[in-house]
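Participant: One structure coming up, written as structure tokens, with questions to follow.
The values are calculated or read from the model by the stated rules, or taken from the named source; none is laboratory data. Every value quoted in this text rests on a predicted model; they were computed, and no experiment measured them. Positions of Cβ are backbone-derived with ideal geometry, glycine not excepted, and every protein chain shown enters the neighbour counts.
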Amino acid sequence: TVNELRRQRKLMEKLSMEDHLTGLPNRRAFFDCAERQVEFSKRKSEAMALLYLDLNDFKGVNDTLGHDVGDELLKSVGKRLSTVCRKSDLIARMGGDEFVYVLPSTGKKGSREAETRIHQAFEDPFSVKGRSLKLTASVGIAVFPDDGKTIRELLIVADEKMYENKEKLSRESKRVTIT
């Protein structure tokens with residue numbers, strides 16, 4: 001029937017914009033929403049922050065405990081990250097163990113506060129398949145318009161800053177703790 005075709009089309013559209021594992025918006029949905037947010041910020045002459053987040057030593061989880069545990073951990077991370085977002089924010093999974101967080105109407109100070117909330121969200125261990133996993137995340141921040149005028153420029157800057165922070169953390173040897 002026509003109604004069934006409409007329902008299936010809506011479902012397919014939803015699935016094409018949603019990360020199958022975490023239920024968060026996927027890379028495609030992120031670019032769709034984030035590019036509109038940049039245009040809105042340009043029109044309003046407002047700052048906008050983009051945080052790029054990568055889980056530290058996630059490969060170690062997959063290598064030692066298996067991909068099924070890694071997948072469950074990613075689901076838990078997605079849920080926990082969702083709790084630190086405002087309704088106006090966008091959190092999306094870019095793929096692998098990388099997430100992005102877009103904060104409309106937010107400058108450097110607000111982005112630092114969001115980074116603090118993210119790190120606080122990782123203070124408690126994640127409980128996955130009977131194991132307690134304590135992990136950390138590296139975060140890089142880019143603010144529109146200072147660090148870039150397009151979403152791609154902001155992503156490049158935030159990604160570079162995230163890797164700088166990851167290097168610092170690596171030297172301090174912060175790793176996943178499994179109990």
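Participant: Considering region 120-146 alone, what residues qualify as being under 16 Å from Asn62 (Cβ atoms) and part of a loop (DSSP other than H, G, I, E, B)?
Facilitator: Those that are under 16 Å from Asn62 (Cβ atoms) and part of a loop (DSSP other than H, G, I, E, B): Lys129, Leu135.
Participant: Take Val61 and tell me if it is under 23 Å from Pro25 (Cα atoms) and of a type in the set (Val, Ile, Thr).
Facilitator: Numbers: under 23 Å from Pro25 (Cα atoms): no; of a type in the set (Val, Ile, Thr): yes.
When the stated conditions are applied, Val61 does not pass them.
Participant: Quick check: anything in region 50-57 modelled with pLDDT of 95 or more, closer than 24 Å to Met162 by Cα, in contact with a helix residue (DSSP H, G or I) (Cβ under 6 Å, 6 or more places away or on another chain) and charged (D, E, K, R)?
Facilitator: Yes, region 50-57 contains a residue that is modelled with pLDDT of 95 or more, closer than 24 Å to Met162 by Cα, in contact with a helix residue (DSSP H, G or I) (Cβ under 6 Å, 6 or more places away or on another chain) and charged (D, E, K, R).
Participant: Please pick out the residue among Thr64, Thr22 that is surrounded by fewer than 18 Cβ atoms within 10 Å (Cβ to Cβ) and either farther than 24 Å from Arg112 by Cα or free of Cβ contacts under 8 Å to residues at least 60 places away in the same chain (or both).
Facilitator: On the way: Thr22 fails: surrounded by fewer than 18 Cβ atoms within 10 Å (Cβ to Cβ).
Going through Thr64, Thr22 in turn, the sole match is Thr64.
Participant: Here are some residues: Val102, Val157. Which one is at pLDDT 95 or above and assigned to a strand (DSSP E or B)?
Facilitator: Working: Val157 fails: assigned to a strand (DSSP E or B).
Within the list Val102, Val157, the selection yields Val102.
Participant: Could you please find all residues in region 67-78 being crowded, with 19+ Cβ neighbours inside 10 Å, out of contact with any helix residue (DSSP H, G or I) (no Cβ under 8 Å at 6 or more places or on another chain) and more than 28 Å from Glu35 (Cβ to Cβ)?
Facilitator: Residue satisfying the conditions is Glu72 alone.
Participant: Sticking with this one: Hey, any hits in region 6-17 for a residue that's farther than 22 Å from Lys166 by Cβ, assigned to a helix (DSSP H, G or I), touching a helix residue (DSSP H, G or I) at 6+ places or on another chain (Cβ under 9 Å) and modelled with pLDDT under 95? If you could, list the steps in order and put the result at the bottom.
Facilitator: If we filter region 6-17 for residues that are farther than 22 Å from Lys166 by Cβ, which is where we start, we get 6-17.
Remaining after also requiring assigned to a helix (DSSP H, G or I): 6-17.
Applying the additional criterion that residues be touching a helix residue (DSSP H, G or I) at 6+ places or on another chain (Cβ under 9 Å) yields 16-17.
Filter once more, keeping what is modelled with pLDDT under 95: 16-17.
The answer is yes; a qualifying residue exists.
Participant: Next up: Got at least one residue in region 156-163 being surrounded by 16 or more Cβ atoms within 10 Å (Cβ to Cβ), in contact (Cβ under 8 Å) with a residue 40 or more places away in the chain and small (Gly, Ala, Ser)?
Facilitator: Taking every residue of region 156-163 in turn, at least one turns out to be surrounded by 16 or more Cβ atoms within 10 Å (Cβ to Cβ), in contact (Cβ under 8 Å) with a residue 40 or more places away in the chain and small (Gly, Ala, Ser).
Participant: I've got another one for you. From the residues in region 79-131 that are of a type in the set (Gly, Ala, Ser) and under 14 Å from the mean Cα position of the chain (by Cα), which one is surrounded by the most Cβ atoms within 10 Å (Cβ to Cβ)?
Facilitator: Residues of region 79-131 that are of a type in the set (Gly, Ala, Ser), as a first pass: 82, 88, 92, 95-96, 105, 107, 110-111, 114, 121, 127, 130.
Now drop any that are not under 14 Å from the mean Cα position of the chain (by Cα), which leaves 82, 92, 95-96, 111, 114, 121.
On the way: Ser82: 14, Ala92: 27, Gly95: 11, Gly96: 13, Ser111: 22, Ala114: 21, Ala121: 16.
Only one residue tops the list, namely Ala92.
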